[in-house]
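In what follows, a structure is listed as structure tokens, so that the remarks can point back to it.
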């Protein structure tokens, strides 16, 4: 058994970010599903869909849910999943967060949640204007 992943985000972000990660890694080390929320989605129906996905994904070790914007519809739908014991939610999904989750897929739910937060946080960098770009130029 292992932790599974559910991405709930504004369409088409969830599917797109998962596709980029899978294309880059070349494999999927974690059982994952996406629930992309379109503008005129009925939140109550999406909550039911999210609950079904969690039930399908959870193999006993829990489900990590990644959403895009705290307080948004996808985030609020995810919050309805907290009634289940083995669910953790992290907002602010970005590629570094998702890569970190996929690279540490063997961790337990709490450990994977910490990796998601650190990956998202550590993946945000301000580039120095004096960044040496010459190293990437080819002669």
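Only the coordinates and a few stated rules stand behind these numbers; no lab work does. For clarity, every value in this text was computed on a predicted model and none was experimentally measured. Reconstructed Cβ throughout: ideal geometry from the backbone, glycine too, with neighbour counts over all protein chains shown.
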Stretch gain in nm, segment residue 83-residue 106, where the contour uses 0.36 nm per residue and the Cα spacing is subtracted:
5.9 nm
Pairs of Cα atoms under 8 Å, at least six residues apart: use those to get the relative contact order of the range 2-67, whole percent.
56
Segments 117-127, 5-15 sorted - mean Cβ within 10 Å per residue, highest first:
5-15, 117-127
To one decimal place, what Kirkwood hydrodynamic radius in Å is obtained for the chain from all pairs of distinct Cα atoms?
15.6
Computed over the chain: longest principal axis from alpha-carbon atoms vs helix 13-25 long axis, angle to nearest 10 degrees, is 50
Enter the mean projected area of the convex hull around the alpha-carbon atoms of the range 35-101, in nm², rounded to one decimal.
4.6
With an 8 Å cut-off on Cα pairs and a minimum separation of 6 or more residues, tell me the relative contact order of the chain in percent.
27
Roughly how tilted is helix 43-57, in degrees to the nearest 10 and between 0 and 90, from the longest Cα axis of the chain?
80
Considering the zone a paramagnetic label at residue 59 would reach in this model (a point 7 Å from Cα along the Cα-to-Cβ line), which residues of the range 15-50 have amide N under 12 Å from it?
29-32
